[in-house]
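Student: The following block contains the structure, expressed as structure tokens.
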Amino acid sequence: PHRTDPEGMLLATMATSSDSFVHLHVHTEYSMLDGAARLGALGNATRLRIYRLLVRAGDPGLSMGQLQDRQGIPGSTLSHHCRALVQVALILQERQGTTVLCRANYPVMQGLLADLAAECCVDAGGGA
């Protein structure tokens, strides 16, 4: 499936390979809609806690079971929140047998942070 912005620009393409790893190819040009959606997803306290756990876990990520144990929330609630993070490309999921591993999508995180900081203080020149 493809997701596009109002101008029809391809934002993301998701495909599943034979090993069930979800590959996400993100358009390199930052979209304000993408940023708003990502920040909106992180605006939920539970999703923010999940995301922070995954960022701290590094490349190995955490299984859904590990996330559930650490968050103390029902599996269906965890799945709902993880799905929201996957939809905005903040996390990636990989199935290994009966286990689903979750990882932070670091390039997307770095792009979001870079965009937020890109124009930091540009209008603070002090000139009239």
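Student: Just to be sure, is Glu94 closer than 19 Å to Leu33 by Cβ and not in a helix (DSSP H, G or I)? Steps first, answer last, please.
Tutor: Details: closer than 19 Å to Leu33 by Cβ: no; not in a helix (DSSP H, G or I): yes.
It is false that Glu94 is closer than 19 Å to Leu33 by Cβ and not in a helix (DSSP H, G or I).
Student: Further question: Output the residues belonging to the stretch 38-53 that are under 20 Å from Ala118 (Cβ atoms), hydrophobic (A, V, I, L, M, F, W, C) and either open to solvent by 40 Å² or more (accessible area, probe 1.4 Å) or modelled with pLDDT under 95 (or both).
Tutor: Taking the stretch 38-53 as the starting set, the residues that turn out to be under 20 Å from Ala118 (Cβ atoms) are 38-40, 42.
Next cut, hydrophobic (A, V, I, L, M, F, W, C) only: 39, 42.
Correct list: Leu39 only.
Student: Is it the case that Leu78 is over 14 Å from the mean Cα position of the chain (by Cα) and within 18 Å of Glu94 (Cα to Cα)?
Tutor: Values: over 14 Å from the mean Cα position of the chain (by Cα): yes; within 18 Å of Glu94 (Cα to Cα): yes.
Yes: the conditions hold for Leu78.
Student: Considering (1) of a type outside the set (Lys, Arg); (2) within 13 Å of the chain's Cα centre (by Cα); (3) over 22 Å from Pro107 (Cα atoms), say which one Gly35 fails and leave the rest.
Tutor: Of the numbered conditions (1) of a type outside the set (Lys, Arg); (2) within 13 Å of the chain's Cα centre (by Cα); (3) over 22 Å from Pro107 (Cα atoms), the odd one out for Gly35 is (3).
Student: Can you name every residue in the stretch 104-122 that is open to solvent by less than 50 Å² (accessible area, probe 1.4 Å) and over 8 Å from the mean Cα position of the chain (by Cα)? Can you show your working first?
Tutor: Step one: filter the stretch 104-122 for residues open to solvent by less than 50 Å² (accessible area, probe 1.4 Å), giving 104-106, 108-109, 111-112.
Within the stretch 104-122, Tyr106, Gly111, Leu112 qualify.
Student: Check Leu92 against each of (1) in contact (Cβ under 8 Å) with a residue 60 or more places away in the chain; (2) among the hydrophobic types (A, V, I, L, M, F, W, C); (3) out of contact with any His (no Cβ under 9 Å at 6 or more places or on another chain) and name the one condition it does not meet.
Tutor: Here Leu92 meets the rest and fails (3).
Student: Please go through the stretch 58-85 and give me each residue that is closer than 20 Å to Val108 by Cα and surrounded by fewer than 18 Cβ atoms within 10 Å (Cβ to Cβ), ordered by number. It would help to see each step written out before you state the result.
Tutor: Initially, the stretch 58-85 is screened for residues closer than 20 Å to Val108 by Cα, giving 58-62, 81-85.
Within the stretch 58-85, Gly58, Asp59, Pro60, Arg83 meet the criteria.
Student: Right, another one. Which of the numbered conditions does Ala89 fail, given that it passes all the others? Conditions: (1) assigned to a loop (DSSP other than H, G, I, E, B); (2) farther than 29 Å from Ser31 by Cβ.
Tutor: Against the list (1) assigned to a loop (DSSP other than H, G, I, E, B); (2) farther than 29 Å from Ser31 by Cβ, Ala89 comes up short only on (2).
The values are calculated or read from the model by the stated rules, or taken from the named source; none is laboratory data. Bear in mind the structure is a predicted one, so any value in this text is a computation, not a measurement. Neighbour counts run over all protein chains shown; Cβ positions are idealised from the backbone, glycine included. Side chains included, ligands, DNA and RNA excluded: accessible areas come from the protein's heavy atoms. Shrake-Rupley method; radii C 1.70, N 1.55, O 1.52, S 1.80 Å.
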